1. Between B:Leu299 and B:Glu175, what length in nm is gained on full extension when 0.36 nm per residue of separation is reduced by their alpha carbon distance?
2. Take the Cα pairs of segment B:473-557, get the Kirkwood Rh, then feed it into Stokes-Einstein at 4 °C and 1.567 mPa s and tell me D in µm²/s.
3. What are the label-to-label distances in nm, one decimal and shortest first, from B:Arg366 to the same spot in the other copies, with labels 7 Å along Cα to Cβ?
4. List the residues of segment B:14-49 whose accessible area drops by at least 50 Å² when all protein chains are present, compared with their chain alone, using a 1.4 Å probe and counting only protein heavy atoms.
5. Can you figure out the FRET efficiency of A:Met198 with B:Ala146, using R₀ = 56 Å and their beta-carbon distance, to the nearest 0.05?
6. Of all alpha-carbon pairs in chain A, indicate the percentage at a distance above 40 angstrom.
7. Could you work out how far apart the two model spin labels at A:Thr503 and A:Gln463 are, taking each label as a point 7 Å from the Cα in the direction of the beta carbon, and quote it in nm?
8. Write down the percent of antiparallel bridges among all DSSP beta bridges whose residues are both part of the protein assembly as shown, to the nearest 5.
There are 2 protein chains.
Amino acid sequence: MTSRKALTEYVSAFTHSLVGLGVLDAVISPGSRSTPLAYACMMQEGLTVYRQIDERSAAYFALGMAKASGRPVMLLCTSGTAAANYFPAIVEAYYARVPLIVVTADRPHELREVGAPQAINQVNLFGTHVKWATDLPMPETDNQLAFLSRHLHRSVQSASSEPKGPVHVNVPFREPLRIDFEQTYESGGEIAHFGGDMSLSPESREFFQRLMKKKKGLLIVGEMTKPMPPEFWDFINKLNWPVLADPLSNLRGNMPSEAKDLIIDSYDALLKNEAFKEEVVPEAVIRVGPQPVSKPLTLFLAAAKPEVYVVFDESPMLRDAQSVATHHIQASANGLWQLPLEMKKKNPYQEKWTVASALYWEVVSRHCQEELDEGILAKIFFDRLDACDLIVGSSMPIRDVDTFFKSTERDVMIYANRGANGIDGVVSTAFGVQAAKQRPAYLFIGDLSFLHDMNGLIASKMQATDLTIVIMNNDGGGIFSYLPQSQEERYFEDLFGTPTGLTFGDVAKMYDTQYVAVETVEQLAEALDQPKDKAVKIIEVFTDRQKNVITHRKLWTRFGEELAKQ
Amino acid sequence: MTSRKALTEYVSAFTHSLVGLGVLDAVISPGSRSTPLAYACMMQEGLTVYRQIDERSAAYFALGMAKASGRPVMLLCTSGTAAANYFPAIVEAYYARVPLIVVTADRPHELREVGAPQAINQVNLFGTHVKWATDLPMPETDNQLAFLSRHLHRSVQSASSEPKGPVHVNVPFREPLRIDFEQTYESGGEIAHFGGDMSLSPESREFFQRLMKKKKGLLIVGEMTKPMPPEFWDFINKLNWPVLADPLSNLRGNMPSEAKDLIIDSYDALLKNEAFKEEVVPEAVIRVGPQPVSKPLTLFLAAAKPEVYVVFDESPMLRDAQSVATHHIQASANGLWQLPLEMKKKNPYQEKWTVASALYWEVVSRHCQEELDEGILAKIFFDRLDACDLIVGSSMPIRDVDTFFKSTERDVMIYANRGANGIDGVVSTAFGVQAAKQRPAYLFIGDLSFLHDMNGLIASKMQATDLTIVIMNNDGGGIFSYLPQSQEERYFEDLFGTPTGLTFGDVAKMYDTQYVAVETVEQLAEALDQPKDKAVKIIEVFTDRQKNVITHRKLWTRFGEELAKQ
C-alpha cells in the first residue's frame, strides 16, 4: 500500500519539478483517480490552475494557452475515456508543434486489463501523435523522487525541443488517494539545463549569400506564434523580395510603418489570376514556417516549380506536400535574419507584386461598398481590431482572413489550429489564448465549428475571461460550396451543407453572455462598438451560403478586369 | 489518377459488401475526403444513414445503436482530427464489446506526413483499442474488388466474433472525389460464412453437474444486451440459487411473473449490511457477463473468497479485477441454461436472500413516503416506465437504478456505458439506442454528464427520434460526495463538486424540445405524465447534492435497523 507520506512527496515533487521546468499552467478536469495530483496542483506555488469539465475542450484550452504563451501547459484528467477525449487536441498539437504535458491518472498495474471499472489500456494511448510517452512507477518508496524529477525533465524538454509537441505522462495511483496537506516536501533534485539553437551551417550561410542575389525571389512566411525579431524587418528591407505573409505569420498586424510595401498580404487573391501568375514566376523561394493556408499559392508553386525552393524546417519531417522543395534547411530561421546583406534596389519583379496588391485593396474597398456577404462583414470586423488577439476557425474564417485582413500597424495577433485543420476545439482554443495573453480576444468562427465545441463555453463559468465571439451563421458547412462537391446537387445538403437550423441566442443565455444578432454591416459595427459588460460577448451574424459564393466570385472577376486594364 | 469508374465500383462494392454482411446502419459526419463513400452510403439499398456533425457524439450514437440492435454499425468521417474524435466511443466499445465498423477516409499515401492539410497518421490510429485495423489500398484498378470484399468480410466478422468490438478501416481517396451516379456495379463476390458458438466442453458439463448440487450458491448475471432465452427461466427455477441481477442484466424488466422470487434485485443494498453479509457467505458462485456495477457486491466476494467462483467469459481477458475467480469458462453461457437439471427444493440460504430483499423493498417504500432526495425521485420515474428503453448515466444514475429499480413484469430494457464507465457520450448513446429500437426511450442522467454530451442533441435535428431526458441537476459531480475525497473540505468544490451553475432550459429551447423543470415528486409525476408533443422532452429535476447524501445514508440505517429486528 502506498503510504500517505510517499504519495504526498511524489505528487508534491511532481508539480514542484514542473514549475521549475517552466510549466506554469495546468488545466484540470474533475475525476477521482487524479485526486492526489489535482490536490498538489492546487497547493503548488507558481502554478495557475484552470478547470474544464469536458476533457476534449480542456485539451484544446491547454493547446491555445501553450500556443499563445510559448510555454508547455499541463493537462490532468482521471483514468478511462476521459484520457481518450484529449486525443483530438493532442493530434492537433503534434502537427502544429505545440508543447503539452498530458498527464493521465491511471489505475495501478494490478487493476489493468482485468475488467476493473474505468480502467483502459493507457500505456502509449496516443500512439504516434505524442513525441514521448512514459508510464511512471507507483508512488511507493521514499527514494524515487530523483528518478521522477529526471523523467519530468525529459518530458518537458521533449515537449519544448524543436519540433515542439505533446508528451504523455501516465501516472498510476492506488487507493487511498488522499494526501497530507500539512506535510512539507523537498523536490527530487532538479537537473540544470542549457538548450541550444539549431543555427545555420557555414555551407548554408554561403548558399544563402549567393541565393539572395537573385532578383525574382519570394520570401514566404507561414505560421509564427511569436512576433518576428527586430532584425527580420531590417533583413527584408535590404533583401527587397516580396514577402508573402500567411494570415498566421503574424506579419499582418503590428507592422512597422516603414515595412508597408514589403509585406504582400493579398497573394491568395492575386494568385487566383492566371495572367498575374504567368508574370510572377519566381527564380527562388525561401519559406519559413509551415505551408501557408492559401491553396492558390500552393498550386502556383507546384506549377511554377522554382529552380530553388528552400524550406526551413527544424524537423526531419519536411512540410512539402507538393514535393516542390529543393533545399531543406534543418535549422532555426533566426539565423537567416542575422546574415550580412547589402541593401538591394527595388526591381520590376517586386513592383509587379506591390502594384497588383495595391490595386487589389482598391477593388476590395469598392466591392465592400457595393455588396454584402460574409467576407465583407468579416472585413468590417477585422478593420476594427486593435490591442487584442484574433482566433479564427480553420475552415472559411481563416480564408476570410487571407482575403480580407489588410496588414496594419494595429496590435493584432492571429491564431488558428492549422496542424490538422480541424473544425473541432476552436472555441476552447480561443479561451486558452485569452487566458495566456490576458487581454481582450476575439473568436471568428462558423456555425458548425462553434456548435462542435460549444462546450468550450464551460470554461467561462470556471475562470475569468474576456472573449468576443463572432459567429458567421450560414446554417451549415460554408466551405463545401467552394469545393467540387457543390457541382453535384444530389445529397449536397444531406452530406455537406448539413443545415441544422440552429441559432445561438439561447445558448448565449444559458451561459449568461452578452448577445447580439446581426445581418447588416451597420448592425455588425454597432454590435462590435457596444460596450462589453459580460465576460463573453456573442455576435451572431446571419448570412446566406449561396449568396456568399456568388459575391465572393464577383470579387475575383472585378479584380481580374481591373488588373487587365493596367 | 483514380478513374471515376474504379472509384465508383470501389465504394459501391464497399457498401454492398457491408449490407451483405449485416451492417444495416451507417452514421456519417460531414467532410470532404469521405465524399465517395458518403455518396455510396446514400445510394446503398438496405443501408439506413444517420447523421451527426460532432464525430465524438456520432461514435457514441453508433455505439448505442450497435449495443441495442446487436448488429455492427458503420461510422464514417473525413480525415484528420475528425477521426480522433471517435476515440472515446471506440475505447468504450472495445471494453463493452460492442461491434463497430469505424471507417475513416484518408489522404492518399503521397499526402501523408508531408504537411498536407488535414492529414494525420491514421494507420493504427486507435492502437490497442480496436480488434483489428486495416489500411486499404487506393481505388485504382478494376480487379481489386474481390480483395475488398474479403477484407470487409474480415472486418465485420472480427467485430462480430466474441468478444465483439470495434474495428478500424482506413480508406485513402485521391481527388477528384466525385462518383458516377449512373454507373451500375457488381459486388466483389462475397464469401459465404457459417459462424460457430463456443459451447461447453464435456469436462465443464460434468463440473457444472457437480457444482450445481451445492445449496449455498449464487448465480450472478452482469450486463446482457439481449433478453435471456426461455430456457434460462426454467434453469434458474430448478437451480434454486439466488440470482443476483445487475441493473444491466435486463432481468429486472420483462420478468416472467413466476420468476419473481428468484431474482434478487436489492443485493447492492443488502450487502451494505455487515450482519447480512456474514450470514450469506456462498460456497459457490457462477457469474455470467461482466462484473456487476455494485461495489458492495465486489467487496463482499473479495472478502468471502468463495471456494468455487466460476466466471463465464468468451475472451481470454477474464474480467476479475479482485482475482477471486477460481474457474474461467471460455464459452457461451447459453450452454449452461441447457444443462439437464433436477428440480431442487427451496433452502434456508435462498430464503435469507428473499426475505431480506422483501424487507428492503418495504423499507424503501416507507422511506419514499417520508423523505425526498434524488433516489426517491428516481424511483417515481422508474416505477412508471413501460414498453420503452431506459439509458442511464454511468455515475450516480446507474447506482440509483441498482438501489431503486424494483424488478418488474413491465417491458423495460436498461442500457449504460459500463465498458470504461465514462460520463461522456451518454446522450448520444441514448439517441442511438432509440434509433435501433424505434420505440420510446428514456435517458436518466446527471447534469455534468448531460453537459459533457450536450452535442448529442444535434442528432435530434437530423433524424426522427422519441426520447425523454430526465436530468438530475445537483449542480456538479454528485458521486464525489460518496467517495473518501468528500471527507476533505479543502478544494472539494473546486476539484470534485465543480458546480457550474448551469441549467438547461435555454438549451432545451435552442433544440426546440419540450421542457419542464421540477423539484418535487408531484411535479415529476406530472411532468412524466404530460403528453409528449416534441421529438425530445427534457425534464430537469433540481436536487441538492448534500441532502442526497444524508437521505441516502438514512435509508441504509433504516434498513439495518429493520433487518436487526427480524
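1. Numbers: separation 124, 0.36 × 124 = 44.64 nm, distance 5.80 nm.
Here the answer is 38.8 nm.
2. Details: Rh = 14.8 Å.
Using the Kirkwood radius from Cα pairs, D works out to 88 µm²/s.
3. The projected label point of B:Arg366 is separated from its counterparts by 9.0 nm.
4. Hits at the 50 Å² cut-off: B:Pro30, B:Tyr39, B:Met42.
5. Numbers: r = 51 Å, r/R0 = 0.90.
Approximately 0.65, to the nearest 0.05.
6. Summing the P(r) tail past 40 Å for chain A gives 30 percent.
7. So the two model labels end up 3.4 nm from each other.
8. Working: 0 of 132 bridges.
Bridges in the protein assembly as shown are about 0 percent antiparallel.
The values are calculated or read from the model by the stated rules, or taken from the named source; none is laboratory data. All figures in this text were calculated on a predicted structure; none of them were measured in a lab. Here the Cβ is made from the backbone with ideal geometry for all residues, glycine too, and neighbour counts use every protein chain on show. With ligands, DNA and RNA removed, areas are computed over all heavy atoms of the protein, side chains included. Shrake-Rupley method; radii C 1.70, N 1.55, O 1.52, S 1.80 Å.
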